[in-house]
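Engineer: Before I ask anything, let me first share the structure, which is written out below as structure tokens.
The values are calculated or read from the model by the stated rules, or taken from the named source; none is laboratory data. Since the model is a prediction, treat every value here as computed from it, not as a measurement. Here the Cβ positions follow ideal geometry from the backbone for every residue, glycine too, while neighbour counts run over all protein chains shown. Side chains included, ligands, DNA and RNA excluded: accessible areas come from the protein's heavy atoms. Shrake-Rupley method; radii C 1.70, N 1.55, O 1.52, S 1.80 Å.
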Amino acid sequence: MQSFRIIWSDEKSRAFCVQKSVRQGGVLSPYFFNLYMDGLEEKLDASGLGCRINGSFVNNIWYADDLVLLAPSIFALQRLIDICSDYACKHNILFNGRKTVCMRFESHGKNKIMYKPKIELKSSFLNWVNSYSYLGYQIDNSSKKYDDNEIQRKYYHIKVRANMLASRFSKTCEIVRRQLFLTYFSSIYCCSLWVTETQKVHNLVKVAYNNCFRILFKIRGPHSISNEFVNRRLNTFDRMRRRNCYSLCNRVMQSNNIVISSLVDNEDFCNNPMYKERTTVSKPPDHPTFSLLHTLQT
């Protein structure tokens with residue numbers, strides 16, 4: 001049992017014990033949570049229900065307390081959810097039914113099935129959705145242009161953030177504005193995953209990025225935006241994306257994850273149309289690593 005004190009200025013409260021729950025932000029909290037949930041992962045793996053990705057069996061993907069279940073059929077999905085429900089009852093865990101949704105991904109060339117069967121979690125039926133924000137990234141089950149919606153969201157976020165910085169830091173020196181730009185725009189979250197965007201949407205977010213630069217540094221008139229980026233030693237939009245793509249490539253190539261390794265080692269992966277699209281954007285080395293996470297989604 002852990003003992004805690006509250007520090008306010010130089011004063012300390014009396015010690016008190018925490019009898020349940022995991023400390024938010026605690027150094028050991030992730031390890032405690034993993035130990036507590038390892039039993040559920042073992043039961044899901046032992047069920048034998050799931051999907052095959054290049055020979056690797058997978059039916060559950062975890063990131064902290066976010067769980068994704070992968071199933072090839074409605075029966076398999078319901079069975080995996082039942083396993084989670086039984087484990088939750090035995091270990092005093094509560095799954096949030098309002099945040100739990102179902103999404104169907106159709107094979108390429110097949111007509112989209114409109115029928116949405118009922119999937120039950122603890123006596124309540126789950127909603128079916130066509131898109132969902134998972135770990136801050138909008139996932140769409142459409143086979144075409146499913147990056148466009150996410151990019152448009154980033155487009156609005158960039159504009160709002162630029163106007164906010166311009167209004168709050170309008171009187172700061174250029175050194176401070178440069179640091180602000182590096183902090184807020186040196187990387188756009190998950191831009192290395194954009195592989196199906198249309199040219200129209202791509203140009204839209206690129207123009208928004210350049211406009212943010214103009215607004216923050218008060219650049220007016222017909223100046224060459226590329227030269228302005230170079231003069232301030234900042235990355236243009238295309239260079240920023242290339243750096244993010246290469247970073248993702250290196251991390252994927254060095255990953256020990258079985259599923260990711262099986263995709264990287266697959267010779268047919270180079271023929272993936274999303275990989276070909278990536279090569280035209282970022283000119284990566286001759287290795288089938290880009291578009292990996294999108295392949296996991298489909």
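Engineer: Return yes or no: is ARG14 outside any helix (DSSP H, G or I) and either of a type in the set (A, V, I, L, M, F, W, C) or surrounded by 10 or more Cβ atoms within 10 Å (Cβ to Cβ) (or both)? Write out each step before concluding.
Structural biologist: Numbers: outside any helix (DSSP H, G or I): yes; either of a type in the set (A, V, I, L, M, F, W, C) or surrounded by 10 or more Cβ atoms within 10 Å (Cβ to Cβ) (or both): no.
Answer is no for this residue.
Engineer: Here's something else I'd like to know. Say whether the condition of being open to solvent by less than 20 Å² (accessible area, probe 1.4 Å), polar (S, T, N, Q) and touching a residue at least 24 places away in the same chain (Cβ under 8 Å) is met by at least one residue in segment 189-210.
Structural biologist: Scanning segment 189-210, I find at least one residue that is open to solvent by less than 20 Å² (accessible area, probe 1.4 Å), polar (S, T, N, Q) and touching a residue at least 24 places away in the same chain (Cβ under 8 Å), so the answer is yes.
Engineer: Can you say whether LEU35 is in a helix (DSSP H, G or I) and more than 25 Å from TYR132 (Cα to Cα), as far as the supplied structure shows?
Structural biologist: Considered against the rule, which asks whether it is in a helix (DSSP H, G or I) and more than 25 Å from TYR132 (Cα to Cα), LEU35 comes out as yes.
Engineer: I've got another one for you. Quick one: ILE139 ticks every box in (1) β-branched (Val, Ile, Thr); (2) modelled with pLDDT of 85 or more; (3) closer than 26 Å to LEU67 by Cβ except a single one, so which number is it?
Structural biologist: Only one criterion is unmet by ILE139, namely (2).
Engineer: Which residue out of TRP62, TRP128 is within 25 Å of TYR189 (Cα to Cα) and open to solvent by 40 Å² or more (accessible area, probe 1.4 Å)?
Structural biologist: Of TRP62, TRP128, the one residue that is within 25 Å of TYR189 (Cα to Cα) and open to solvent by 40 Å² or more (accessible area, probe 1.4 Å) is TRP62.
Engineer: Here is a list of conditions, (1) surrounded by 12 or more Cβ atoms within 10 Å (Cβ to Cβ); (2) over 27 Å from SER133 (Cβ atoms); (3) not hydroxyl-bearing (Ser, Thr, Tyr), and ASP238 meets all of them except one; can you say which number that is?
Structural biologist: So the condition that ASP238 fails would be (2).
Here is a yes/no grid of residues against (1) open to solvent by 40 Å² or more (accessible area, probe 1.4 Å); (2) of a type in the set (Gly, Ala, Ser); (3) more than 28 Å from GLN138 (Cβ to Cβ):
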{"residue": "LEU69", "(1), (2), (3)": "yes, no, no"}
{"residue": "ASP86", "(1), (2), (3)": "yes, no, yes"}
{"residue": "CYS89", "(1), (2), (3)": "yes, no, yes"}
{"residue": "ILE93", "(1), (2), (3)": "no, no, no"}
{"residue": "THR100", "(1), (2), (3)": "yes, no, no"}
{"residue": "MET103", "(1), (2), (3)": "yes, no, no"}
